[in-house]
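**Student:** My structure is below; once you've seen it, I'll send some questions.
The values are calculated or read from the model by the stated rules, or taken from the named source; none is laboratory data. Being a predicted model, the structure only gives us computed values, none of them experimental. Note that we place each Cβ from the backbone using ideal geometry, even for glycine, and neighbour counts take in every protein chain shown.
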Amino acid sequence: MSGRTSDAAAAQVLVVNAGSSSLKMKLLPSGESVLIERLGGPTSVRASFALVDSPRLERHDHAFDFGLQLLNAHLGPVTLAAVGHRVVHGGTRFVTPTLIDEQVETAIEELCPLAPLHNPGNLAAIRAARAALPDVPHVAIFDTAFHATLPRHAYLYGLPLEYAEDGVRRYGFHGTSHQYVSHKAAELLGRPLAELKMITMHLGNGASATAIAGGESVDTSMGFTPLEGLLMGTRTGDIDPGLLVHLLRGGMSLDALDHLLNRGAGLRGMSGISNDMRDVRQAANAGEAGAQAALELFAYRVKKTIGGYAAALGGLDVLVFTGGIGENDVAARAECVAGLEFLGLRLDAARNARGDEVISSSDSAVTVLVVRTDEEGLIAEQARAVASAHGRTQA
């Protein structure tokens, strides 16, 4: 792949999304992609354009180099306008898409303790990409940025204020997804985003909710880390911190506790079967008590959050479901809103079963939408805009 072009609109943007043990690379608008999973283990590689033998890849930088090699072999020379990197944690410093230089790299590294499962991989991919593509502008898009508008009463914890001054506060995550679907929802309704009171539910292996007023995030369920809030695929969501002290005093190590909270809980831990909602639902239908309890808690947490956010917003115009579960699980959507009729919220069972964009009934006071998220598309759009604003798309 080559560097800049005088025709920036014709150039591709390479979107790089590094997870805790995975790496996805996607060219937009063409759509070619490489997904590398289970780094450090029995690695799997899937490309949109070919079957690929999967070598064992240990690190994100190795994965980036391998993915770039696949794309180059398939496509030949491709002119890039920019490389857009998803970065999970931007702290309070990074609240907009940011052109990456050495100082930005250093700052992302300093934020690694706040997102130890994600930022190190994000950073490794950034460094590999900048080394391989030094003549292309690289732009960081931060998951936390959309939530920079949280008011003080929403981001503070009940600790002495000096803790917040040292960075111990709610940041929120999945911001790119929440931002994208909120704009898309307003577009679908033909109404200005600025006049809408909206709740967006990103439900997947990671799950979060955001209350949006006038297009700005005013509350969100994930907190200092992505662990807080809703029940997730392998994460507990909200839990009494006193329980954690109890487990530590009982002899559990910090590493074991971290593994339990982040990887051994949620749908997987409760069901004892899987972190995949489809597997858990099948087991629940077969009478598995743990799976049934997991589904009940998942829906209850979502329902309780919708009610709380409607109160925080002072009303509700739109509820949006997105993410793997939100977009595809008919039963989950119905379970999550059952009992919210007092808010004037009513689903149309037939629309919900078909997966229509609008799944609320014609007499519902709240419009309920299913919107397919496109984080990568928004990352590409923002990366291209930043590169252009800095004059980095000119040869």
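**Student:** Having 1 or more residues that are within 22 Å of THR225 (Cα to Cα) and of a type in the set (A, V, I, L, M, F, W, C) is the bar; report the strands (runs of 3 or more DSSP E) wholly within the stretch 1-113 that clear it.
**Tutor:** Values: elements: 12-18, 22-28, 33-37, 44-47, 80-87.
Where strands (runs of 3 or more DSSP E) fall fully within the stretch 1-113 and carry at least 1 residues being within 22 Å of THR225 (Cα to Cα) and of a type in the set (A, V, I, L, M, F, W, C), they are 12-18, 22-28, 80-87.
**Student:** So if I check each of LEU14, LEU27, which one is over 30 Å from TYR163 (Cα atoms), within 21 Å of the chain's Cα centre (by Cα), modelled with pLDDT of 95 or more and surrounded by fewer than 22 Cβ atoms within 10 Å (Cβ to Cβ)?
**Tutor:** On the way: LEU14 fails: surrounded by fewer than 22 Cβ atoms within 10 Å (Cβ to Cβ).
Answer to the selection: LEU27.
**Student:** ASP356 - would you say it is over 20 Å from the mean Cα position of the chain (by Cα), among the acidic types (Asp, Glu) and either closer than 30 Å to PRO151 by Cα or not in a helix (DSSP H, G or I) (or both)? I'd like the intermediate steps shown before the answer.
**Tutor:** Numbers: over 20 Å from the mean Cα position of the chain (by Cα): yes; among the acidic types (Asp, Glu): yes; either closer than 30 Å to PRO151 by Cα or not in a helix (DSSP H, G or I) (or both): yes.
So ASP356 fits the description; yes.
**Student:** Which of the residues spanning the stretch 365-380 are within 18 Å of LEU319 (Cα to Cα) and acidic (Asp, Glu)? Reasoning before the result, please.
**Tutor:** So in the stretch 365-380, the residues within 18 Å of LEU319 (Cα to Cα) come out as 365-374.
Within the stretch 365-380, just ASP374 meets the criteria.
**Student:** Then there's this: Going by the conditions given, is ALA331 assigned to a helix (DSSP H, G or I), surrounded by fewer than 18 Cβ atoms within 10 Å (Cβ to Cβ), at pLDDT 95 or above and not acidic (Asp, Glu)? Steps first, please.
**Tutor:** Numbers: assigned to a helix (DSSP H, G or I): yes; surrounded by fewer than 18 Cβ atoms within 10 Å (Cβ to Cβ): yes; at pLDDT 95 or above: yes; not acidic (Asp, Glu): yes.
Yes; evaluated as a whole, the condition is true for this residue.
**Student:** Now a separate question. Can you tell me which residue within the stretch 89-127, out of those that are among the β-branched types (Val, Ile, Thr) and in contact with a strand residue (DSSP E or B) (Cβ under 9 Å, 6 or more places away or on another chain), is nearest to LEU261 (Cα to Cα)?
**Tutor:** Here is the first cut: in the stretch 89-127, the residues among the β-branched types (Val, Ile, Thr) are 92, 95-96, 98, 100, 104, 106, 108, 126.
Subset that is in contact with a strand residue (DSSP E or B) (Cβ under 9 Å, 6 or more places away or on another chain): 95-96, 98, 100, 104, 108, 126.
Working: VAL95: 28, THR96: 30, THR98: 32, ILE100: 32, VAL104: 30, ILE108: 24, ILE126: 28 Å.
Checked the stretch 89-127; the qualifying residue nearest to LEU261 (Cα to Cα) is ILE108.
**Student:** Inside the stretch 250-304, can you point out the residues that are of a type in the set (Ser, Thr, Tyr) and either touching a Ser or Thr at 6+ places or on another chain (Cβ under 6 Å) or assigned to a loop (DSSP other than H, G, I, E, B) (or both)? Before you say what the answer is, go through the steps one by one.
**Tutor:** The initial filter retains those residues of the stretch 250-304 that are of a type in the set (Ser, Thr, Tyr), namely 253, 271, 274, 300.
Answer for the stretch 250-304, where residues must be of a type in the set (Ser, Thr, Tyr) and either touching a Ser or Thr at 6+ places or on another chain (Cβ under 6 Å) or assigned to a loop (DSSP other than H, G, I, E, B) (or both): SER253, SER274.
**Student:** While we're on this one: Name every residue in the stretch 365-393 that is part of a loop (DSSP other than H, G, I, E, B), buried (at least 19 other Cβ atoms within 10 Å of the Cβ) and not β-branched (Val, Ile, Thr), in order of residue number.
**Tutor:** Here is the first cut: in the stretch 365-393, the ones part of a loop (DSSP other than H, G, I, E, B) are 365-366, 371-374, 390-393.
When the remaining residues are screened for being buried (at least 19 other Cβ atoms within 10 Å of the Cβ), the result is 366, 371, 373, 392-393.
Once the filter is applied, which keeps residues that are part of a loop (DSSP other than H, G, I, E, B), buried (at least 19 other Cβ atoms within 10 Å of the Cβ) and not β-branched (Val, Ile, Thr), the stretch 365-393 yields only ARG392.
**Student:** Among the residues of the stretch 149-164, is there at least one that is surrounded by fewer than 22 Cβ atoms within 10 Å (Cβ to Cβ), assigned by TED's automatic domain parsing to the domain that holds GLY41 and at negative phi?
**Tutor:** Among the residues of the stretch 149-164, not one is surrounded by fewer than 22 Cβ atoms within 10 Å (Cβ to Cβ), assigned by TED's automatic domain parsing to the domain that holds GLY41 and at negative phi, which makes the answer no.
**Student:** Are any residues in the stretch 183-236 in contact with a Ser or Thr (Cβ under 8 Å, 6 or more places away or on another chain) and of a type in the set (D, E, K, R), and if so, which ones?
**Tutor:** GLU216, ASP219, GLU228
**Student:** Report whether or not THR305 is in the same structural domain as ASN205 (by TED's automatic domain parsing), buried (at least 17 other Cβ atoms within 10 Å of the Cβ), within 25 Å of LEU267 (Cα to Cα) and touching a His at 6+ places or on another chain (Cβ under 8 Å).
**Tutor:** Numbers: in the same structural domain as ASN205 (by TED's automatic domain parsing): yes; buried (at least 17 other Cβ atoms within 10 Å of the Cβ): yes; within 25 Å of LEU267 (Cα to Cα): yes; touching a His at 6+ places or on another chain (Cβ under 8 Å): no.
It is false that THR305 is in the same structural domain as ASN205 (by TED's automatic domain parsing), buried (at least 17 other Cβ atoms within 10 Å of the Cβ), within 25 Å of LEU267 (Cα to Cα) and touching a His at 6+ places or on another chain (Cβ under 8 Å).
**Student:** For the stretch 322-343, which positions are touching a residue at least 24 places away in the same chain (Cβ under 8 Å) and either on the phi > 0 side of the Ramachandran plot or aliphatic (A, V, I, L, M) (or both)? I'd like the intermediate steps shown before the answer.
**Tutor:** Here is the first cut: in the stretch 322-343, the residues touching a residue at least 24 places away in the same chain (Cβ under 8 Å) are 322-333, 335-340, 343.
Passing the criteria: GLY323, ILE325, VAL330, ALA331, ALA332, VAL337, ALA338, GLY339, LEU340, LEU343.
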